[in-house]
Amino acid sequence: MNREIIRNDALGEQYSVIHHPSGLDLLIWKMEGFSTTEALFATKYGSINTRFRTDKTGDFIDVPEGIAHYLEHKLFENEDTDVFDLYAKTGASANAFTSFDETAYTFSTSDNWEQSLEILLDFVQKPYFTKESVDKEQGIIAQEIKMYDDSPERQCFLNLIRAMYVDHPVRIDIAGTVESISRITPELLYDCYNTFYNLNNMVLSIAGNVDEDRVIEICDRLLKPSKNINLETAFPQEPEGVGRKKITAKFPVGVPLFSIGFKSKPCSGVEYEKRGIAASLLMQLLIGSTSPLHKELFDEGLINSQFGFEEFSGTGSFFSCIISGESHDPEEVRSRLMKEIRRVKKEGLDRERFEMLKRSKYGGIIRSLNNVENCADSMVESYFNGTSVFDSAEQLAAITPEDCMKALDELFNEDNSAISIVETI
């Protein structure tokens with residue numbers, strides 16, 4: 001069993017990466033003095049992974065959209081018990097989520113972390129699907145999909161992604177479509193489970209006041225060794241430009257909604273960390289709450305408290321910056337934003353604000369290391385990216401205004417932008 005210590009002397013923090021003989025890597029962050037423990041058992045498998053091959057399949061095969069999310073739902077149903085009932089006896093709070101590129105099963109507890117970890121490792125490794133239970137779940141998830149379809153905020157976001165991306169499966173809702181999930185069978189669920197829930201494609205992350213040797217002992221006892229099946233995923237060749245510059249929909253909303261997106265090339269590793277930091281700083285500088293443009297738009301009533309922005313990305317697969325909110329004139333907001341981007345490209349960044357925001361962001365990273373849930377989440381995210389939790393702090397410390405100016409053209413290219421608007425009926 002090989003153990004690595006990932007350490008950052010400047011932050012005074014460290015965690016362990018243990019390469020378990022089963023094929024699973026264990027990420028353990030012992031945080032003395034904390035009363036809670038957070039764990040994630042995660043697989044690098046999300047809604048975008050609908051095309052793959054292994055040693056067994058030979059050629060690439062395609063599976064229905066939404067199957068990763070469907071599988072997450074079904075895994076909580078064991079043959080003889082309900083997993084949530086087991087967690088209730090330990091006092092742990094359990095959950096799961098499926099994103100575009102990841103599925104994770106989690107628990108948070110202030111006591112009995114060992115028993116909760118045993119439950120987590122046990123049920124995720126014991127799939128149980130029958131035709132009757134799969135057919136029943138189709139109706140449940142179909143209702144969930146229809147609920148998403150009725151959400152103006154959700155549709156505004158999804159329409160933007162569909163406008164920006166031409167062929168990439170990120171265009172498809174995580175839950176799939178009513179038609180696609182109707183083609184899911186127990187056999188397909190087992191095929192995807194055996195492919196993506198192979199321990200060589202997964203990671204266990206646990207943070208809190210835990211005993212590392214005890215975590216390893218539980219894993220030694222419960223993990224079922226997996227053979228590396230040489231999993232390979234594939235995506236269509238995505239053009240650099242956006243598919244559509246503008247997309248609209250109508251909903252019974254009081255104020256129109258908008259989402260403005262800037263599509264850029266995907267990246268991974270340290271470059272992914274660098275670009276994420278540059279994107280966050282640039283959005284704050286351009287239109288963040290302390291920016292002159294934000295104040296102007298807010299004072300003129302063009303945006304309100306619902307305004308926000310985010311980096312929307314998946315390691316090595318997709319990357320974009322999205323700015324969203326409510327406005328009686330979304331096109332004017334977009335026009336003013338583009339004007340500000342052009343000005344900054346010509347005149348440069350406000351260096352004083354850059355340094356202020358950089359210090360604030362660095363302080364935020366330090367504070368996040370005092371949060372058990374964030375530490376467990378960050379270990380998974382960085383692991384799947386091939387970096388460490390501390391790389392973002394190191395890249396942030398090193399970034400300069402010149403670095404951000406270089407990133408500005410790539411991250412905020414007007415030719416690669418699109419807008420989604422939800423108009424009032």
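The values are calculated or read from the model by the stated rules, or taken from the named source; none is laboratory data. Keep in mind the model is a prediction, meaning the values are calculated, not measured. Glycine also receives a Cβ, built like all others from the backbone with ideal geometry; neighbour counts cover every protein chain displayed.
Points to keep in mind about this one:
- In the set (1) closer than 20 Å to Trp113 by Cα; (2) touching a Leu at 6+ places or on another chain (Cβ under 6 Å), the condition left unmet by Tyr362 is number (1).
- Candidates Ser335, Ser382, filtered to the one that is small (Gly, Ala, Ser), over 23 Å from Lys265 (Cα atoms) and assigned to a helix (DSSP H, G or I): Ser335
Residue by residue, here is whether (1) within 30 Å of the chain's Cα centre (by Cα); (2) over 28 Å from Ile399 (Cα atoms) holds:
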residue	(1), (2)
Phe318	yes, no
Cys321	yes, no
Gly325	yes, yes
Asp329	no, yes
Arg336	yes, no
Ile341	yes, no
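- Qualifying residue in segment 93-108 (condition: touching a Phe, Trp or Tyr at 6+ places or on another chain (Cβ under 9 Å) and in a helix (DSSP H, G or I)): no
- Per-region count, segment 389-416, residues among the polar types (S, T, N, Q) and crowded, with 22+ Cβ neighbours inside 10 Å: 1
- Residue within segment 48-58 that is at pLDDT below 95, touching a helix residue (DSSP H, G or I) at 6+ places or on another chain (Cβ under 7 Å), not assigned by TED's automatic domain parsing to the domain that holds Ser313 and not in a loop (DSSP other than H, G, I, E, B) present: no
- Pair list, Cβ under 7 Å, 6 or more apart: segment 328-353 residue closer than 24 Å to Asn304 by Cα and touching a residue at least 40 places away in the same chain (Cβ under 8 Å), other residue surrounded by 19 or more Cβ atoms within 10 Å (Cβ to Cβ) and of a type in the set (Phe, Trp, Tyr): Pro330/Phe258; Val333/Phe258; Ile341/Phe412
- Lone qualifier among Leu189, Leu222 - being buried (at least 19 other Cβ atoms within 10 Å of the Cβ) and at pLDDT 95 or above: Leu189
- Within the option set Ile119, Ile140, Ile161, being assigned to a helix (DSSP H, G or I), modelled with pLDDT under 95 and either among the β-branched types (Val, Ile, Thr) or surrounded by 21 or more Cβ atoms within 10 Å (Cβ to Cβ) (or both) holds for one residue only, Ile140.
- Pairs with Cβ under 7 Å, 6+ apart, first in segment 84-100 and surrounded by 13 or more Cβ atoms within 10 Å (Cβ to Cβ), second assigned to a helix (DSSP H, G or I) and charged (D, E, K, R): Ala96/Glu72; Thr98/Glu72
- Candidates Asp111, Asp85, Asp25, Asp122 - the one that is touching a Gly at 6+ places or on another chain (Cβ under 6 Å), of a type outside the set (Gly, Ala, Ser) and closer than 27 Å to Val210 by Cβ: Asp111
- Filtered by the rule that a residue be hydrophobic (A, V, I, L, M, F, W, C) and either more than 20 Å from Thr106 (Cα to Cα) or outside any helix (DSSP H, G or I) (or both), segment 204-234 gives Leu204, Ile206, Ala207, Val210, Leu223, Ile229, Leu231, Ala234.
- First in segment 398-417 and within 28 Å of Arg244 (Cβ to Cβ), second anywhere and polar (S, T, N, Q) and outside any helix (DSSP H, G or I), Cβ under 6 Å, 6 or more apart: Glu410/Ser264; Leu411/Ser264
- Residues in segment 73-89 that are of a type in the set (Lys, Arg) and either on the phi > 0 side of the Ramachandran plot or touching a Ser or Thr at 6+ places or on another chain (Cβ under 9 Å) (or both): Lys74 only.
Per-residue answers, yes or no, for (1) modelled with pLDDT of 95 or more; (2) assigned by TED's automatic domain parsing to the domain that holds Glu410; (3) more than 30 Å from Ala393 (Cβ to Cβ):
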residue: Glu240; (1), (2), (3): no, no, yes
residue: Phe251; (1), (2), (3): yes, yes, yes
residue: Val255; (1), (2), (3): yes, yes, yes
residue: Phe258; (1), (2), (3): yes, yes, yes
residue: Lys263; (1), (2), (3): yes, yes, no
residue: Gly269; (1), (2), (3): yes, yes, no
residue: Tyr272; (1), (2), (3): yes, yes, no
residue: Arg275; (1), (2), (3): yes, yes, no
residue: Ser280; (1), (2), (3): yes, yes, no
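- Inside segment 248-282, residues that are closer than 26 Å to Asp150 by Cβ and crowded, with 19+ Cβ neighbours inside 10 Å make up a count of 6.
- Total residues in segment 124-145 satisfying the condition of being within 25 Å of the chain's Cα centre (by Cα) and over 21 Å from Ala94 (Cα atoms): the figure is 4.
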